[in-house]
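Just passing along the structure, written as structure tokens.
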Amino acid sequence: MATLIPLAAVETAMIEQLLDRAFGPDRHARTAYRIREGVEWLDGLSFAALDESELLVGTIQVWPVALTDPDGRNYPLLMIGPVAVLPEHQREGYGKALMLASLEAIANMGGNAPALPQVMIGDPEYYGRFFGFSAEPTALWRAPGPNDPARLLVRCDNPAVLPTKGNLGPWGSFKTASNSSDLAK
């Protein structure tokens, strides 16, 4: 059984080592890094998974990003990922536990208000079946860098509130750590 703790309780170097092992040292060139460039992950929505020996085996980060429509209006989104689990611990439920924890924290952050839409890059079959993500509303969204449009996923109570066209990027209003923390409370 996974023990989940706030990601902020984990040394940054340990997080980086885990991400390198899970995705390789060239991970910084990926599109997801460009989308969230210059922003900090949100403390209250990001978690770490420990195994039964209390060793770090997985992490999940949530980031403030935006979809900018063709008229220049920004729509705030929460970008989930990376969801990272050490290769030797994959398929043991750590990733699913981390996703459920982040989605629950997102659902609880606004009280009775609908949760901000969540976006991620991932396997549409897995994230659709277990967590309700879909690539259908994102078909005309653009992201910086190369990407597979079928893997650009969104989860939203009412996708009709989102623009059909737009560009993903960092959410400028939340670039400072203090504002990011306020958003996640």
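What part of the accessible area of the chain, given as a whole %, is carbon or sulfur when the probe is 1.4 angstrom?
Reported share for carbon and sulfur atoms: 52 percent.
What are the DSSP H helices in the chain that stretch 18 Å or more along their long axis, judged by alpha-carbon atoms, and whose average Kyte-Doolittle hydropathy comes to at least 0.5?
Membrane-span-like by this rule: 94-108.
Please give the residues of the range 133-151, grouped as numeric ranges, whose backbone N is less than 17 Å from a label point set 7 Å along the Cα-to-Cβ vector of Arg73.
141
Using P(r) over Cα pairs in 5 Å bins from 0, in percent as the read-out, say which of (1) 1, 8, 17, 22, 22, 17, 9, 3, 1, 0, 0; (2) 1, 8, 18, 20, 19, 14, 10, 6, 3, 1, 0; (3) 1, 7, 14, 18, 19, 19, 13, 6, 1, 0 was calculated from these coordinates.
So the structure-derived entry is (1).
Restricting to DSSP H runs of at least four residues, report the calculated mean residue ellipticity at 222 nm for the chain, -39500 (n - 2.57) per run over all residues, nearest 500 deg cm²/dmol.
-7500 deg cm²/dmol
Further, regarding this structure: Just to check I understand the Karplus step: with θ = phi - 60° and J = 6.51 cos²θ - 1.76 cosθ + 1.60, what whole-Hz values come out for the range 70-81, glycine and proline as x?
After applying 6.51 cos²θ - 1.76 cosθ + 1.60, I find x, 8, x, 7, 9, 10, x, 9, 10, 8, 9, x Hz.
Skip the ligands, DNA and RNA, and give the accessible area per residue of the range 47-118 with a 1.4 Å probe, whole Å².
44
The values are calculated or read from the model by the stated rules, or taken from the named source; none is laboratory data. Because the structure is predicted, anything quoted here is derived from the model rather than measured. Because the Cβ atoms are built from the backbone with ideal geometry, glycine has one as well, and the counts that use them run over all protein chains shown. Accessible surface is based on the protein model in full, side chains and every heavy atom, while ligands, DNA and RNA are left aside. Shrake-Rupley method; radii C 1.70, N 1.55, O 1.52, S 1.80 Å.
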